[in-house]
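Report on the following structure.
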Amino acid sequence: MTPRPLDVICLGRAAVDLYGQQVGGRLEDMQGFAKSLGGSSGNLAAGLARLGIRSSMLTRVGDEAMGRFVREALAAEGVDVSHVVTDPHRLTGLVILGIAGPDSFPHIFFRENCADLALDATDFDAGYIRSATALAVTGTHLSTAGSRAAVHAAVDLARAHGTRVVLDIDYRPVLWGLATPGEGASRFVASAPVTAELQRLLPHCDLVVGTEEELRIAGGADSTAAAIARVQALTPGTIVVKHGPAGCTVHPAGGGEPVTVPGFPVTVLNTLGAGDAFLAGFLSGWLKDAPPEHCARIGNACGALVVSRHGCTPAMPSAAELGEYLARPATMTRPDLDTQLSHLHLATTTRRPRPHLYILAFDHRRQLEQLAARHGAPLSRLPRFKQLVATAFERVAGGHAQRERLGVIVDERYGHAVLPGLTNAGYWIGRAIEVPGSWPVEFEGREYPGVPLQAWPARQVIKCLVLCHPDDPPAGRLEQEARVVQLHLDATALERELLLEVVVRRTLPVDDGTVARLLQRFYNLGVRPAWWKLEPQSHASWTNISRVIGKEDPHCNGILLLGLDAPEDQLRVAFAAAAPHPLCRGFAVGRSIFGSAARGWLEGSMSEDAVIQDVADRYQRLIGLWQAVRPG
């Protein structure tokens, strides 16, 4: 049989979750909320994609910022969004959630006439449904006449074209109008109309998944056993009953002995999203016709990882992380505290690696201040110069065929006027945090960066330059390392990428092992940045560096070369030495590109147009130099 382009189409809720950041408090007392992709089907689509399953989202979103966020978040996870329809008349669904205590997870649904419930049969066709191995629908979309008609139309097409049908019962009484808006956490209210709608769909399902309460509403019975018997009489498919921490029971299609698979004994932080994670894991095996024990174990493991964390979609595990977890002893009760698992989670779900990056770095503050003083120019001219450099960058980017390879590093001190525009334009963007020239390193604004970083756009990569040598005197070295460790912890907590720029202090001897020793030292301290920015090295040094990174962090995004105001001929040689080493992904060069223009403009011998053209030309030539040694 010819493989289909998609594994699973997820039809249903795709929304925005606003999670209260203060754990252990009421929603009334929350001071801040974290925004993430949500909705049961949105969570499922993202969870499947993280496990390497080709998922597609079938839903509607509003024609507003939250709708665009949902679409972009799904796409960033690798989900096909070709059938995420923009509804011009309705808002994207929204949920406010919190963790008030060990067994209290309040949430409020804002879904009155929301976009995803307006899904219509005209939003898809037979070709789309036929392109997937399975169609996963949720019970919630049976709650209104319009969305119910869309579900049945999709299921009819699936049955006609050999696409398997999965029903996640997903019962939320409030979404059926059976509980008040303030009772969003309610999970069961008996209702004959809800039971009737679910039972109308059951005969067409190949897999039915739900909690014991959800099976009771589907079966229309007071006891779980009686409900399961009734569902079995109505569906030819497999039935999976989720038991929370106790695991799950799989009732095979066509009868047969049920299989109960125990869960993983983890400490629960948050149960929200765990069912979606379970289904993603279960489907990753079921789609390959794996034995029920295997499917259930994978589902239980995914659910266990999610309940130990904050959030729904953000907590979904990647395939690499899941493999690591399953290889560990089953007695691990706090996977959220395991350093390796936590690193794997962030490295494989939040990092944005690029095979090539051509970065124009103009975060320079001290060098420009010194240059301005030398030419008698006021510091107030420096923000304007950075605007000129940004204009030159955009001139090159606008004509570049692979725009995603281009980016900048900027500072707040003199680059504040250009930061928002460059960030919102979607370029790769780094933002400097260190006080220039400081040793031990200091941070702009305050000693420790955690609170200020929360105000930075999430898209911005944190760039920190550290001047160091592995044999630096202990007092200064230990103080600097403590600050870098704290910065790394803050970046990790906020799920931000960190670029650590290492420039070796020449106060002590340097050889082909010096930088590798420095990196090993940082790794020993638990600092695993997404990016390294390093000086040009010899072939032997690059080999040593690559060996350390490969051993300590195989998921590192890579290395960018810095320029140190070197002329183009020297950079050509440096690029050639770096090119054979796959971890070297490009460059982040500044003064070699803008230095001449800065001198000319500050002394008054270059016009603004000349500055823009000179910087653009030098930047473009440097891109050409890298592409010449690293084609493709």
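With axes computed from alpha carbons, what is the tilt in degrees of helix 145-160 against the longest principal axis of the chain, rounded to the nearest 10 within 0 to 90? Helix 145-160 and the main axis of the chain meet at about 90 degrees. Straight-line cross-link partners of LYS35 among the aspartates and glutamates, defined as a Cα under 12 Å from its Cα and at least 8 positions apart when in the same chain: ASP17. When each of THR140, THR260, THR271 is scored by the number of other beta-carbon atoms lying within 10 Å, the sequence from fewest to most is THR260, THR271, THR140.
Computed from label points 7 Å out along Cα-Cβ, the spacing between ALA455 and SER380 is 2.4 nm. A simple spin-label model places the labels of ALA126 and PHE188 4.3 nm from each other, with each point 7 Å out along Cα-to-Cβ.
Toward the positive end of the charge dipole of segment 141-236, with +1 on the Cβ of Lys and Arg and -1 on the Cβ of Asp and Glu, the farthest Cα among SER191, ALA150, ALA227 is that of ALA150.
Using only side-chain charges placed at the Cβ, +1 for Lys and Arg and -1 for Asp and Glu, the dipole size of segment 128-255 relative to its Cα centre rounds to 260 debye. Normalised Debye scattering of segment 391-458 at q = 0.11, 0.13, 0.25 Å⁻¹ gives log10 I(q)/I(0) of -0.33, -0.44, -1.14, counting only Cα atoms as equal scatterers and leaving out solvent.
Rounded to the nearest 20 debye, the dipole size of segment 357-629 about its Cα centre is 220 debye, using +1 on the Cβ of Lys and Arg and -1 on the Cβ of Asp and Glu.
The per residue volume of the convex hull around the alpha-carbon atoms of segment 88-140 is 130 Å³. Only helical runs count toward this figure. For the chain, summing -39,500 (n - 2.57) over DSSP H runs of n ≥ 4 and dividing by all residues gives -12500 deg cm²/dmol at 222 nm. Seen from ALA277, the other residues with C-beta closer than 15 Å to its C-beta sum to a net charge of -3, counting Lys and Arg as +1 and Asp and Glu as -1. Taking 0.36 nm per residue of separation and subtracting the Cα-Cα distance, full extension of the segment from ALA401 to PHE69 would add 117.0 nm. Here segment 357-629 carries DSSP beta bridges of which approximately 5% are antiparallel, counting only pairs with both residues inside.
Measuring spread by the Cα atoms of segment 357-629 yields a radius of gyration and Dmax of 17.9, 51 Å.
Remind me, what semi-axes does segment 7-349 give for its equivalent ellipsoid, largest first in whole Å, using sqrt of 5 times each Cα gyration tensor eigenvalue?
Working: eigenvalues 135, 119, 86 Å².
For segment 7-349, the ellipsoid semi-axes come out as 26, 24, 21 Å.
Cβ crowding within 10 Å ranks GLU535, GLU293 as GLU293, GLU535, fewest other Cβ atoms first. What the Cβ-Cβ distance of THR543 and GLN22 gives, at R0 = 35 Å and to the nearest 0.05, is a FRET efficiency of 0.15. Going from the residue with the fewest nearby Cβ atoms within 10 Å to the one with the most, VAL410, VAL510 rank VAL510, VAL410.
Just check segment 40-165 against the gyration tensor rule for me: Cα atoms, a ≥ b ≥ c as the square roots of the eigenvalues, rounded for a/c under 1.5, and otherwise prolate or oblate depending on whether a/b exceeds b/c.
Because a/c hits 1.5 or more and a/b exceeds b/c, segment 40-165 counts as prolate.
Give the Debye-formula value of log10 I(q)/I(0) at each listed q (0.05, 0.08 Å⁻¹), with one equal scatterer per alpha carbon of the chain, two decimals each. So the normalised log intensities are -0.27, -0.65. Near LEU215: Cβ cut-off under 13 Å, other residues only, Lys/Arg at +1 and Asp/Glu at -1. The net charge is -2. For LYS386, the lysines whose Cα falls under 22 Å of its own Cα, not counting residues fewer than eight places away in the same chain, are LYS463, LYS533. Here the chain carries DSSP beta bridges of which approximately 25% are antiparallel, counting only pairs with both residues inside. Basic side chains Lys and Arg get +1 at the Cβ, acidic Asp and Glu get -1 at the Cβ, and with that the dipole of the chain about its Cα centre reaches some 980 debye. Across the options HIS416, PRO291, PHE33, the greatest Cα extent toward the positive end of the charge dipole of the chain (unit charges at beta carbon of Lys, Arg, Asp, Glu) belongs to HIS416.
State, to one decimal in nm, how far the label point of SER438 lies from the label point of LEU326, with both points 7 Å from Cα in the Cβ direction. Distance between the two pseudo-spin positions: 4.6 nm. Cross-link partners for LYS288 among the lysines, with Cα-Cα distance under 22 Å and sequence neighbours closer than 8 places in the same chain left out: LYS242.
Only Cα sites of segment 223-365 enter the Debye sum here, all with the same form factor; the resulting log10 I(q)/I(0) across q = 0.09 1/Å is -0.35, listed in q order.
FYI, it's all coordinate maths here, none of it is from the lab. Note that the structure is predicted; figures quoted are calculated from it, not measured. Here the Cβ is made from the backbone with ideal geometry for all residues, glycine too, and neighbour counts use every protein chain on show.
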